[in-house]
Every structure is written in C-alpha cells, then in structure tokens.
Amino acid sequence: MAEQTAPIVSYAGTDEIDLIRSTARQFLADRLDLDVVRDLMMSDDGFEQGLWKEFADLGWAGLIIDEEYGGAGLGFVELSVILEEMGRALTPGPFLASSVLATAAIQQTATAEQKAALLPPLASGEIIATLALFEQPRGWDLSSLECAARRDGNSWVIEGTKRHVLDGHLADQIVVAARTDGGVGLFLIDAAVPGMTVSQIPVLDPTRRQAEVALDSVRVDDGALLGGVRADAAIVKTLALGAVALAAEQVGGAQRCLEMSVEHAKTRYQFGRAIGSYQAIKHRCAEMLLKVEHAKSAAYHAARVTGDSEELGIAAPLAGSVCSEAYLWAAGETIQIHGGIGFTWEHDAHLHLKRAKSSSLLLGDPRYHRSRLGDALGF
C-alpha cells in the first residue's frame, strides 16, 4: 500500500487557501507589476535582493519547510496557490529553484543533522540554493548523467558540467547530482568552492535565468554528500514535485492569458463591433477556457496527492503534460486574438509566450511526461 504522509486537502471553500491567494495576488500586484518585471529582466541578474527578503518575510521561502527548522510547515496545496499567482505575474527570481527544487531535494535526502544546518537559512531567505541536475538537451532521465564523483581519502572529487541550472548565478549553495560507485548521489556544494565556475547562459525567457556550472576537480568533504547514500529515488521524487510546482505556475500564466484575451475581445472594436462578438473569436476564447480549466484540474489534483508516492507518480506527469500544453497554447492564442500588437515587444503577451515555451522544456517536455505517465500506468 502506498505511503500516505499528508492528508488530501480540498481547494474548495477553505478560508486559509482564499487568504493565501488574495494575499499573494495583492502583494504581487503592488510590488511586482509588469513594468517592474521588465526592468528586472533587463538587469544583469534578473533579480532584486530586496524582493527576495520580502518573500522570506511573508514566509514563502520556507513554505514547505517544517516548523522545527524555521519554516511555515505547509504543504504543496498551499505552495501551488503561491506559484499559481507567481505564474500570473511572471515573477522572476529563484523561488522555484531554491524554495521548491533545492528544498525538496534536501528534505528527501539529508540527515537530521544536515537538515538542522541547511533548512533554517533556506527558510529565512538567508541563503539561496538551486539543483544542478541536467547536462544534455532533453536529458531529463538519470541515465543521461555523466558528472562523476570519486572518493579520495575522506573527500570527494567531482568532475563534470551541469547545464540549464535555474538561477545558478544567484545561488549560494548548489545541490549537484553526480554518479558514484554506489549510484547517483546529491552533493551540497558552496558556490564559491575552488574549481567551480558558474556562468549565465542565453535564455529565451529573460524572466527566468539559467546557468552552466562547470566542476573541475571540485573537492568536498564527506559531509557534503546529502544523507550519505545513493539518491536515485529521491531525485525522481524531487523532479515529480518540481513538475507539480511548475504545473501550478503554468496554470496561473494560462489563466492570465485567458483574462487578457477576453478583455481585449470585449474592448477592441472593428467594423463598429467588439471583436468578441465575432464567432471566430468567441470560439478561441471558449476553447481557451476549456483548456485552462482542464489544466487547473490536473494541477490541483497533483498538488493534493504529493503525500502519496504511488499516486504522485501518475498525477505529476499528467499535470506536467496537460499544463505545459495548455499554457503554451493559451499564450499562442492570446497573441492571435490581440493581432499585430500581440507580436510587439511593448505588449505583455509575448512575455507569456516566452515563459510558456521555456517552462514546457524545463523539467521535461509533454512527450517526456506522457512517457513517464505510460510507465506509471504500466503501458
């Protein structure tokens, strides 16, 4: 029987969820409108340290970290609400990298002693971390990992190059997956360690930065190996949790595309009529609504079952596939409905298209997720 470590919570009718959503939406609207997003995406780091401190002060940085380590002790249902609102606002910065992926990896693998040392500064926003896993385009499986760690006395020496590391240029600590004689291990490495070079790489979506991390005979002590054991299963679960988190963000972006499209269809007049009165535009908006609601159902269900490993193995790739395609389709339709202005740099529609496209490849494209889903269902 699958382990059930968290209750299944409904999204509907809970005051706590409504409060989290309204607080997040108001804060992001006040603090991070798209003019600010544009300024940040044109900056060197794509990030503002003051904004990260405000996230931490709101408890977001440690939302899924247990209270004993200084976090809020909440779950993925609450986290997905925050991420949905961040997706609406095209929020830049290392929240997904640090507060979801790196945090989940540490929680899955670290010893109690390591958690006590690592999780409190993550929860307070004192440090930023990220997960360095992928090495090849479309190399989303552990079988593609070539980065290697070998024992040398009481130390480990790590060689390899990690690509597409989310916000690697901002990270104080980097969780690196490396192949050992006993399987794949996760090593927590200080970003300033000798032999490690972190370089930003060109990205389609400037609101979400990526880096290349080169490890040239990087030497770390034995305590850097999280949990001291192979972490293959923990990495697979971390990526499933990441897919759930990303799906929630994609739902927020898709919902915002729908709202932009409907508003434009109501207010843009041609030939004396609002363009929304024409059947072709009505059909586009109606189909967008159906796809967005379908994506919401998949994302919300996945967030509710993260405590059930067996169910998560089905729900995560389902949400990853459905939500990626829905957001990318909605972003494309938004540009079509807006016409020529939607293609311009000045309009916000193209920002959602870039985020949708980059997100659809981030933790696995829809085809990869469907393959995972087929494996989970025994097809």
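Nothing in this text is a laboratory measurement; each read-out follows from the coordinates by a stated rule. All of these numbers come straight from a predicted model, not from anything done at the bench. Cβ placement follows ideal geometry from the backbone for every residue including glycine, while neighbour counts extend to all protein chains displayed.
Quick look at the numbers
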read-out	value
For the chain, alpha-carbon Rg relative to the globular expectation (2.2 N^0.38 Å, N residues)	0.99
Sum of side-chain charges, residue 180 neighbourhood, beta-carbon under 10 Å (Lys, Arg +1; Asp, Glu -1)	+3
Cut-off under 5 Å, modelled amide H: who pairs with residue 65 long-range	72, 73, 74
Dimensionless Rg ratio for region 94-145, taking C-alpha atoms and the 2.2 N^0.38 Å reference	1.28
Between region 181-234 and region 322-359, the alpha-carbon center distance in angstrom	33
Sorted by Cβ neighbour density within 10 Å, fewest at the top, the residues 85, 126	126, 85
Column: log10 I(q)/I(0), Debye, Cα scatterers of region 1-133, q = 0.12, 0.16 Å⁻¹	-0.49, -0.86
Helix-only mean residue ellipticity at 222 nm for the chain, each DSSP H run of n ≥ 4 adding -39500 (n - 2.57), per residue, nearest 500	-16500 deg cm²/dmol
Label zone at residue 377 (point 7 Å along Cα-to-Cβ), backbone N below 12 Å, region 304-320	314-315, 317-319
Efficiency of FRET between residue 282 and residue 190 - r from beta-carbon atoms, R0 45 angstrom, step 0.05	0.20
Amide H partners (placed H, <5 Å) of residue 135, local residues excluded	163
Table column - 3J(HN,Hα) (Hz), region 307-321, Karplus curve with 6.51, -1.76, 1.60, x for Gly and Pro	x, 10, 4, 5, 5, 4, x, 9, 5, 5, x, 4, 5, x, 6
Most to least packed among 174-183, 251-260, 289-298 [average Cβ atoms within 10 Å]	251-260, 174-183, 289-298
Cα-based Kirkwood hydrodynamic radius, region 64-172, one decimal, Å	15.6
In sequence order, calculated HN-Hα J values of region 70-83 (Karplus, 6.51, -1.76, 1.60; Hz; x Gly/Pro)	x, x, 7, x, 9, x, 6, 5, 5, 4, 5, 5, 4, 5
Tilt relative to the chain, helix 366-377 - C-alpha long axis, 0 to 90 degrees, to 10	70
Kirkwood hydrodynamic radius over Cα pairs of region 283-379, then Stokes diffusion coefficient at 25 °C and 0.890 mPa s, in µm²/s	172
Neighbourhood charge, 9 Å Cβ-Cβ cut-off, centred on residue 261 and excluding it, Lys, Arg +1 and Asp, Glu -1	-2
Additional length obtainable on full extension of the chain from residue 113 to residue 141, 0.36 nm per residue less Cα span	7.1 nm
q = 0.24 Å⁻¹: log10 I(q)/I(0) that the Debye formula gives for region 212-289, counting C-alpha atoms only	-1.08
Residue exposure sequence - 300, 269, 278, 327 - by fewest surrounding Cβ within 10 Å	269, 278, 300, 327
